């Protein structure tokens, strides 16, 4: 299994992650960043990969974000050019 220290962000995905986190309300930002990042690392580790890709970012945001906030999150993804539908989300 890949260990967290061996896992890295794909550069463009890291930028999108940072841009998405900036869109989270300030009072939730730290918690959201931590939960999404942790989930992204888990997804990559369970697949025994070493690079966090856009699909991991999308899945981590959907997994870590309460359902009631999915609408605004999807709008934020669309603004950043992230097509979450190609990863099975609608």
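Every read-out reported here was derived from the displayed coordinates using simple, explicitly stated rules and does not represent laboratory data. Since we're looking at a predicted model, the values are computed, not measured.
Quick notes on this structure:
- Using alpha-carbon coordinates, inclination of helix 26-46 to the longest axis of the chain, degrees: 40
- Principal-axis tilt of helix 54-64 within the chain, Cα atoms, nearest 10 degrees: 60
- Potential lengthening between residue 85 and residue 27 on full extension [0.36 nm per residue; Cα-Cα distance subtracted]: 18.0 nm
- Rounded to the nearest 500, the helix-only mean residue ellipticity at 222 nm of the chain stands at -19500 deg cm²/dmol, with each DSSP H run of n ≥ 4 adding -39,500 (n - 2.57).
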